[in-house]
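S.K.: Quick one: structure below, then a few questions.
Every number in this text was worked out from the coordinates using simple rules, so none of it is lab data. All values derive from a computational prediction rather than experimental measurement. Cβ placement follows ideal geometry from the backbone for every residue including glycine, while neighbour counts extend to all protein chains displayed.
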Amino acid sequence: MNIRKIVLGLCLALLLVSTQGAQAAWPERPIHWIVPYPPGGGTDLVARVLAAQLEKTLGQPVVIDNRPGGSTVTGTAALASAEPDGYTVGMVFDSLAINSVLGVSTSYNPQTDFTPIIKLADVPLVFTVNTQQVPMKTLPELVIYSKAHPGWFTFGSLGPGSPHEIGFLWFKAMSKMDALVVPYKGIAPALQDVVAGQVKGMFVGVSVADGYIQQGTLHTLGVTSPQRLPNAPDVPTFAEQGYPDYDFVTFYGLAAPKGTPPQIVDRLNTEINRIFQIPEVRAQFEKTGAGIGGGTAQDFGKLLAANFVKFNKIMLLTGEKSQ
């Protein structure tokens with residue numbers, strides 16, 4: 001046998017063993033989990049719940065790294081530019097597609113620069129309004145009144161391109177209601193102004209306004225999911241109230257930089273799917289109003305691809321994207 005071929009074969013075998021050994025040893029140091037939102041919100045809570053469980057399984061700290069700004073662009077850019085070694089992962093959302101469809105300039109390609117790991121949660125929104133300012137109890141009543149009183153209804157947005165704003169704009173276009181959108185830099189100042197009556201309503205996660213709803217300061221007109229929520233069974237869907245084509249459920253997902261080894265992606269996917277079966281974790285998700293995610297990395301990749309098509313259509317309907 002040719003000596004050169006023997007040497008080449010031995011080198012390749014040693015390289016393969018070395019590579020497999022390095023991957024098998026992962027993780028050997030802390031993992032950074034980027035959240036492109038400030039601490040304290042639903043995204044941050046979900047990340048911390050899962051990170052605490054992952055630490056037990058992986059034997060290494062999972063450090064939450066909040067990188068807010070630019071409608072998630074700041075944190076997402078940090079994820080895209082990280083080394084694809086399995087030590088940096090990050091949350092991605094509908095904003096990945098929304099920013100792209102809106103033509104937002106980014107340093108990354110939202111369709112090719114990430115490795116999908118798993119869908120973490122489905123997150124329906126509720127249309128919450130100030131009780132004193134908006135006495136209507138149903139969406140059709142609100143729509144009719146707004147049309148008869150142009151400029152009356154004001155909507156608190158979490159910023160241009162946020163799913164909360166896009167979801168409302170889609171409903172506005174569908175129902176032909178009259179509304180003025182008021183942008184805010186985050187959920188806290190927007191919710192504060194709804195409570196104070198400075199603006200009349202907003203879209204929020206179901207658990208965000210619970211305290212104010214229980215006090216009677218705010219009430220909820222509808223939920224954006226196709227079914228009612230287990231923790232808010234008295235809140236009707238938009239579809240039940242005469243808008244059968246309205247179905248707007250956002251998601252939280254986990255991704256890694258492009259080129260992250262598939263063995264590491266599979267390990268994370270397997271561990272998080274296992275964590276989703278823990279009753280304590282499921283209960284914590286239910287409190288936030290988020291539905292448990294799961295599935296394969298391939299499933300999540302298909303969801304991300306479909307989202308670009310979905311939001312392209314929605315933007316055209318709302319007039320946010322020129323034809």
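S.K.: Starting from the exponent 0.38 and prefactor 2.2 Å, build the expected Rg for the chain from its residue count and divide its actual Cα Rg by it.
M.R.: On the way: Rg = 22.4 Å, N = 323, 2.2 N^0.38 = 19.8 Å.
Expressed relative to 2.2 N^0.38 Å, the Cα Rg reads 1.13.
S.K.: Next up: Need the full-extension length gain, Val182 to Met136, defined as separation in residues times 0.36 nm minus the C-alpha distance. One decimal, nm.
M.R.: Working: separation 46, 0.36 × 46 = 16.56 nm, distance 2.06 nm.
Extra length from Val182 to Met136 when fully extended: 14.5 nm.
S.K.: Using a simple spin-label model with points 7 Å from Cα along the Cα→Cβ vector, what separation in nm is obtained for Glu240 and Gln215?
M.R.: Going by the 7 Å Cα→Cβ label model, 2.7 nm.
S.K.: Shifting gears a bit: Past the 23 Å Cα-Cα mark, which pairs from Lys176/Lys287; Lys287/Lys313; Lys200/Lys313; Lys56/Lys302; Lys172/Lys310?
M.R.: Values: Lys176/Lys287 33 Å; Lys287/Lys313 32 Å; Lys200/Lys313 28 Å; Lys56/Lys302 30 Å; Lys172/Lys310 17 Å.
From the list (Lys176/Lys287; Lys287/Lys313; Lys200/Lys313; Lys56/Lys302; Lys172/Lys310), the Cα-Cα distance tops 23 Å for Lys176/Lys287; Lys287/Lys313; Lys200/Lys313; Lys56/Lys302.
S.K.: For segment 129-211, which trypsin sites (Lys or Arg not before Pro) are in a loop by DSSP, counting at most 14 other Cβ atoms within 10 Å?
M.R.: Loop-located and lightly packed - Lys137, Lys176, Lys185.
S.K.: Could you work out [θ]222 nm for the chain from helices alone, using -39500 (n - 2.57) per DSSP H run of at least four and dividing by all its residues? Round to the nearest 500 deg cm²/dmol. Don't skip to the end; give the middle numbers.
M.R.: Details: 11 runs with 141 residues, N = 323.
The helix contribution divided over the chain gives -14000 deg cm²/dmol.
S.K.: Here's a follow-up. What ³J(HN,Hα) values, in whole Hz, does the Karplus curve 6.51 cos²θ - 1.76 cosθ + 1.60 give for segment 52-65 when θ = phi - 60°, with x put for Gly and Pro?
M.R.: 4, 6, 4, 4, 5, 7, 8, x, 9, x, 10, 8, 7, 10
S.K.: Give me Rg/Rg_expected for segment 124-241, where Rg uses Cα atoms only and Rg_expected = 2.2 N^0.38 Å with N residues.
M.R.: Its radius of gyration relative to the 2.2 N^0.38 Å reference: 0.95.
S.K.: Just subtract the alpha-carbon distance of Arg48 and Ala305 from 0.36 nm times their residue separation and send over the number in nm, one decimal.
M.R.: Extra length from Arg48 to Ala305 when fully extended: 89.9 nm.
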